[in-house]
Structure formats: structure tokens, C-alpha cells
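Here's the structure we're looking at; comments come further down.
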Amino acid sequence: MDESPGWAAIDGALRDVYGDVEPLHWATILKWAVGGSDPLDGISAYPRTEPVPHWHFVSYGMSELYEKESENADESGWGFEFTFRLVRDPADEKPPVWAANMLQNLGRYVFKSGNWFEPGHHMNVNGPIATDRDDSDIRAVAFVLDPELGEIGTPHGSLQFLQVVGLATAEYEAVRQWNSEALMDVLAPRLPLFVTDLDRRSLLEDPEVGRAVREGIARDGSSSGMQFVSTAHWERTPDGTTITLGALQATAVADALRGRLPFGRELILRTADTVLVFAPDDAFAVEEPDEGRLVLRVPPAALDDLADTLRPTAARRPVPSLPGLTVEIVPTVMKDQYGEETGEVIG
């Protein structure tokens, strides 16, 4: 009897693509289940020459590799394994370790926060995705279904091979204002197999790509209806309501409001213990339907005033067209890709 049928299923999917090619493999010595710090039990990297030379990384550990433990019979573990494609110098014989560390870090984020990833999700990593490349503009990631591996069934349920794709700063700004899947469709002809290149500039600098993205944002608005943030609190008194947000989040929230409310869509900010909802409406109202949940109903004429208070500098700012509402922006202590405080403060 196979003691790791989930692992074998992943190997089978890779064999369909790579045949008998042996990958370079990192194995975790002290596994997460027994107190280790790395959630992935292993990561394989395959050298590729087509369509461009690159390394193809594949994780083992986000799905159930050994036995069925979760109650969800339809999905294995978190329902996915990570993949990542990184430009390779044809002379390189070994893949860079930082890429494996990045995948471990993404897995660590999921295991610790309980927030999982799906195709269409995106994430700002608060710095270059390769920590030693301060000169790189690739500082965010999006998630797509791996174009070769797709989705498979395993004895423990289905799993998707979820590819991590590096995005330049301007591309990530466009994702927040538009739709991740639509943006990736526009970028796809210029990113074969969505291979990440740390040296490239934003593809929005291409006039054709930039025009398509601007038209899409104006036409469709933002599909990002929920943001997980570190700070979203409020205080209600007889004199009014004060909402508190972090400086790092302020600009992104302002962009999202402009991409959501004019299109009749609400924006939800969620922390570990609060939910703050901005909802389009004809008249201003503040509602607290449940403990830990606040709903702000915002009329169209007040959107610009509200967005103008969301600047990345610490301050308390009243919203002139929403009487009684004050927005407080507080400093954000920056964290690195590993969740550790860097000492840098925004705001």
C-alpha cells in the first residue's frame, strides 16, 4: 500500500509533462506537523528550455500527501499546490534557493492565517519577491492555474496547481483597480507560460497593453470585493463615527472604492476580528448589524471626499460630505515576506 498517495498523484501529473526527467529536489527535514517551521514537505525544480529557458518549481505539502485528515472529501488539504516559473540562464545547473524559500513563506502564510489562495487572487509582498534584488520592480504576485499542470484528482480529493506569477508595481496597481484574471489575459501573450523575470519592467509601458488595461478599468471597475487588512477598527459616539485604517492600506482602499462603489458593488475590509463594509447607497448611513461588523452606506456624491481622506500619512480627517464621519489613518509597521517586522514604518 502506498504510504503517500497524494505525493504519488503529484508525481504522476509531473511525469505526464516531464517523463523520466529527474528534478532537483529540496526535502524538509523537520516537518510542520511535528513542530518544524516549513509547511512544505518538499519542492521540486525542473529545468526548461521552452518556450523560454526557465525553472519550474512545484510544491508538496499544501495538499494531503499521506492520509486524509480534513473533513472536505472533495478537496485535498488546502485544495492546491504551488508552482512557480522563473527565468533561467541556460548555463545554470542549480535553481536559486530564494524561490523555494518564497514558496515556503507563502505556505507559512496560509497555515498561520487560514487565508488560502485561488486563481485570480493577488498579493503585495512589501518588497522585491527576491529579497536580495532591491533593483527589481517585481514586488507583487498573482495566482493563476498552472497552464500545463492544471487540476488533478487524488485519492484525497482534487487539487489545483496554483502558479505564482511575479508582477511589477504598476501591474499590481492595475490588478487592484480592475480584475486579476482580465489583466493576466492581457499580459499572457507577452509572458509565455507566465514565467517570472525579475529584470523586466512593467508591461503597461507597452502602449497597446497600457491602453487595453485603462479601457478595462474604465469599463469594468474592480472585481476585488474583499481585502484582508491589518487595521480596520471604529469607534462610535453620540457625536459620530471614527474609522481607523493603516497608512499602508490607505491608497489601496481609495483605489478600490473608486473601482467598486460607482459600479454598484460594495467593498469589504476584513481583519482577524472585524469586518468593515463600504456599500453604495442613495443616502449616508452608519449601521452596526452585528458585533465586529460596521456598514457605511456611501452616496455617489461623497465618494471623492471619502477617498481624499485615505492618504498614507497619519492624521484624523473628517469627511465633509458625510457629517459625523472621521477617518483616522495610523502608522503601519512594515513586515517582510516572512511576517517579521522590518523596522520601517509607513505613515
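The values are calculated or read from the model by the stated rules, or taken from the named source; none is laboratory data. Remember, it's a predicted structure, so these values are computed and weren't measured experimentally. No Cβ is skipped: glycine too gets one built from the backbone with ideal geometry, and neighbour counts run over all protein chains shown.
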Output the number of the condition that Asp89 fails; it satisfies all remaining conditions of (1) within 23 Å of Ala33 (Cα to Cα); (2) surrounded by fewer than 16 Cβ atoms within 10 Å (Cβ to Cβ); (3) of a type in the set (D, E, K, R).
(1)
Can you pull out every residue in the range 281-326 that is over 27 Å from the mean Cα position of the chain (by Cα), assigned to a helix (DSSP H, G or I) and hydrophobic (A, V, I, L, M, F, W, C)?
Ala301, Ala302
Could you check the range 37-130 for strands (runs of 3 or more DSSP E) lying wholly inside it with 3 or more residues that are modelled with pLDDT of 95 or more and in the same structural domain as Ala170 (by TED's automatic domain parsing)?
42-48, 54-60, 75-87
Given (1) in contact (Cβ under 8 Å) with a residue 40 or more places away in the chain; (2) crowded, with 17+ Cβ neighbours inside 10 Å; (3) of a type outside the set (Ser, Thr, Tyr), Leu204 misses just (1)
I need the full set of residues from the range 44-66 which are under 18 Å from Leu145 (Cα atoms) and aliphatic (A, V, I, L, M), in order please.
Ala45, Val58, Met62
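For the range 224-239, enumerate the residues that are outside any strand (DSSP E or B) and within 14 Å of the chain's Cα centre (by Cα). I'd like the intermediate steps shown before the answer.
Here is the first cut: in the range 224-239, the residues outside any strand (DSSP E or B) are 224-225, 229-231, 238-239.
Scanning the range 224-239 gives Ser224, Gly225, Val229.
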When residues of the range 253-268 are filtered for being buried (at least 22 other Cβ atoms within 10 Å of the Cβ) and either in a loop (DSSP other than H, G, I, E, B) or of a type in the set (A, V, I, L, M, F, W, C) (or both), how many remain?
4
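Given Val125, Val195, which one is under 14 Å from the mean Cα position of the chain (by Cα) and within 22 Å of Ile43 (Cβ to Cβ)?
Numbers: Val195 fails: under 14 Å from the mean Cα position of the chain (by Cα).
Just one listed residue meets the conditions, Val125.
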